[in-house]
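Below is one structure, written out as structure tokens, with a few remarks after it.
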Amino acid sequence: MTSGNRIAIVGAGIAGLACAKVLRQEGFPVEVFDRTPDVGGVWSATRRYPGLRAQNSKHTYHFSDYPMPADYPRVPDGQQMQAYLDGYVRHNGLGEHLRLNTEVVAADPVDSGWLLEIRDRGGIHRTSCDHLVIANGVFSDPVLPDFPGADRFRRAGGQLGVASKFHDVEAVRGKSVVVVGYGKSACDIAEAVSHVAASTSVVARRLLWKMPRKLARVLDYERLMLTRLGEAHFRYQELGRFERFLHGRGDSFRDTNLDVIQELATKHMNLRELGLVPEGRFEEIAESTVGLTTENFYEQVAAGRIAVHRDATIAEMLGDSGPGVQLSTGETIQADVVICATGFHQRVPFLTPYIQRQLTDDDGNFRLYRQILPVGVPNLTFVGYNSSVISALNAEVAAHWTAALLNGRLALPTAETMGAQVDERLQWMAERTNGHHAHGTAITPFSIHNIDEMLADLHYRLPLRTRAAQWFRTIKPSSYRGLGERRPPANETTPGVQVPAGTQAVPGS
């Protein structure tokens, strides 16, 4: 490797920082670009909405070699998460490699890598790199629906925006607020504003199953989603021995367990009394993301501080008699402020249309092997596109996978084989989730499976005792610290596979 072999990383959130740290340890010069003035991605001060908190506890949502501060509460809030990531930057000496307030506005492939056009406070400049890592995040480009009558609504004084741009709860004191969506961010914001707004309404196109952090003495959110036994309750693409039993002869045991959890969750949140029992089975909680109950949300519904309009959408925005919205049910609601928590676009706007077509299929799904490698586009990898409930650990292992690829230590199937596997996975995801699979960028609820697959490629296996414990105990990121300390020889290969042409962007040292 020469001093000219540079890696550019777009995004300074969890995934981008993990990748920068790992690649630096592997000897690569890295430069991290982010358009915000601080690190953090979704935790940046520029995107933190009121009520934002981590889904996981501090014991599972951290990097393998950098635990959360001991004085943090069990569930950190958005500001604490950003401070944790800022500490990670200082701890690993990443500050000098950051280019904050710098947006990558264009990236064009050239024979030697990529030509980047960047915009900072000094204007637009050009730079280059040998390999480009995209870590812009799957939750960075919010969707603002094109509601009929939006202009009329604004002229009447109504305010319309997205959740990530809503920062001050006091701005809606005494106003009528409508929150569109029923995911975590929608419920977080609705609960936060319900204490100061004149009225708070939630418009939910589809009710989703949610789970409280704790249901019973020995059953909580993390025990269901972050143990091998809990994960095995959801049918994976390729089943292990116990999973074959659980989805075969043991299917009644699995169904009973999920039915019990469904009933406990229904009673815990008083869903029947509130008329908010979702359609379908509890198993659908893990279609693409996992719904975690916002603390005090259902209590505010019961108290009349939040009104949930289920199975409804905004049909039209009104303004003739003051700002308001008309729902698909025919109901009209006064609305001074409408906040949309309606999902995110999965796209990379700074890439050329030709490259974007190479990256996705006809339905807009990203075609990434292991959620990292685009087959057929050289000198390019993704990190953080394996979004999960333990994103920090999944991104960290993906960074080691990328480092092994660039250092020539990773043996892969042929491009044709990888492409076929990607297409099979996307078809499976579409069938499993009825199309609610976030364009192939989410791996929930299969966080541990995703890690296992990447570790298998790296010829790294956890100690048997650790794997056995993970069946019943929540996964510990510290169990994976050894991955960063292991440096397998450059000629380590797996018989019968080869690295496809164009995927190894930087020669090994």
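The values are calculated or read from the model by the stated rules, or taken from the named source; none is laboratory data. Keep in mind it's a predicted model, so treat the numbers as computed, not measured. Using ideal geometry, Cβ is built from the backbone for each residue, glycine included, and neighbour counts are taken over all protein chains shown. Remember, those area values only see protein heavy atoms, side chains included, never the ligands or the DNA or RNA. Shrake-Rupley method; radii C 1.70, N 1.55, O 1.52, S 1.80 Å.
Here are the numbers for this structure:
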quantity	calculated
Check on Ala303, over 26 Å from Val104 (Cβ atoms) and free of Cβ contacts under 8 Å to residues at least 12 places away in the same chain	yes
Helices (runs of 4 or more DSSP H) wholly inside segment 183-287 that include at least 2 residues being in contact with a strand residue (DSSP E or B) (Cβ under 8 Å, 6 or more places away or on another chain) and under 28 Å from Thr313 (Cα atoms)	184-193, 251-268
All helices (runs of 4 or more DSSP H) inside segment 399-479 with 3 or more residues being in contact (Cβ under 8 Å) with a residue 40 or more places away in the chain, over 22 Å from Asp65 (Cβ atoms) and out of contact with any helix residue (DSSP H, G or I) (no Cβ under 6 Å at 6 or more places or on another chain)	415-433
Test for Gln79: is it open to solvent by 30 Å² or more (accessible area, probe 1.4 Å), assigned to a loop (DSSP other than H, G, I, E, B) and in contact with a helix residue (DSSP H, G or I) (Cβ under 9 Å, 6 or more places away or on another chain)	no
Number of positions in segment 95-124 that are part of a helix (DSSP H, G or I) and either open to solvent by less than 40 Å² (accessible area, probe 1.4 Å) or more than 25 Å from Leu85 (Cα to Cα) (or both)	1
Pairs, first over 30 Å from Tyr66 (Cβ atoms) in segment 93-112, second open to solvent by 30 Å² or more (accessible area, probe 1.4 Å) and in a strand (DSSP E or B), C-beta under 7 Å, six or more apart	Val105/Glu117; Val105/Arg119; Ala106/Glu117; Asp108/Leu115
Any hit, segment 137-157, residues being touching a residue at least 60 places away in the same chain (Cβ under 8 Å), farther than 30 Å from Tyr182 by Cβ and open to solvent by 10 Å² or more (accessible area, probe 1.4 Å)	no
Leading residue by the ranking (farthest from Pro109 (Cα to Cα)) among those in segment 379-397 that are open to solvent by less than 10 Å² (accessible area, probe 1.4 Å) and over 14 Å from the mean Cα position of the chain (by Cα)	Val397
Test: Glu299 is more than 26 Å from the chain's Cα centre (by Cα), open to solvent by 50 Å² or more (accessible area, probe 1.4 Å) and acidic (Asp, Glu)	yes
Selection status of Tyr84, assigned to a helix (DSSP H, G or I), at pLDDT 95 or above and crowded, with 17+ Cβ neighbours inside 10 Å	yes
Residue check for Phe344: in contact with an Asp or Glu (Cβ under 6 Å, 6 or more places away or on another chain), hydrophobic (A, V, I, L, M, F, W, C) and farther than 30 Å from Val105 by Cα	no
Residue selected from segment 31-51 under the condition touching a Lys or Arg at 6+ places or on another chain (Cβ under 9 Å) and not β-branched (Val, Ile, Thr), by the criterion farthest from Ile189 (Cα to Cα)	Glu31
Close pairs from segment 382-393: first of a type in the set (Val, Ile, Thr), partner open to solvent by 10 Å² or more (accessible area, probe 1.4 Å) and part of a helix (DSSP H, G or I), Cβ under 7 Å, at least 6 apart	Val383/Ala15
Residues that are farther than 15 Å from Gln300 by Cα and either at pLDDT 95 or above or touching a Cys at 6+ places or on another chain (Cβ under 7 Å) (or both), drawn from segment 183-204	Val203, Ala204
Test set (1) over 30 Å from Arg425 (Cβ atoms); (2) open to solvent by 40 Å² or more (accessible area, probe 1.4 Å); (3) part of a helix (DSSP H, G or I); (4) among the small types (Gly, Ala, Ser) - Gly174 fails condition number	(3)
Test set (1) modelled with pLDDT of 95 or more; (2) under 17 Å from Leu292 (Cβ atoms) - Pro67 fails condition number	(2)
So Gly376, is it open to solvent by 50 Å² or more (accessible area, probe 1.4 Å), part of a loop (DSSP other than H, G, I, E, B) and not aliphatic (A, V, I, L, M)	yes
Residues located in segment 412-443, provided they are open to solvent by less than 20 Å² (accessible area, probe 1.4 Å) and out of contact with any His (no Cβ under 9 Å at 6 or more places or on another chain)	Leu412, Met418, Gly419, Val422, Thr433, His437, Gly440, Thr441, Ala442
Residues within segment 125-139 that are touching a Phe, Trp or Tyr at 6+ places or on another chain (Cβ under 7 Å) and not in a strand (DSSP E or B), tallied	2
Within segment 225-240, considering residues that are hydrophobic (A, V, I, L, M, F, W, C) and open to solvent by 30 Å² or more (accessible area, probe 1.4 Å), the one modelled with the highest pLDDT	Leu229
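To keep it simple, each residue is scored yes or no on (1) within 22 Å of Ala286 (Cα to Cα); (2) out of contact with any helix residue (DSSP H, G or I) (no Cβ under 6 Å at 6 or more places or on another chain); (3) among the basic types (Lys, Arg).
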residue	(1), (2), (3)
Ala307	no, yes, no
Arg310	yes, yes, yes
Val325	no, yes, no
Leu351	no, yes, no
Tyr354	no, yes, no
Gln358	no, yes, no
Tyr385	yes, yes, no
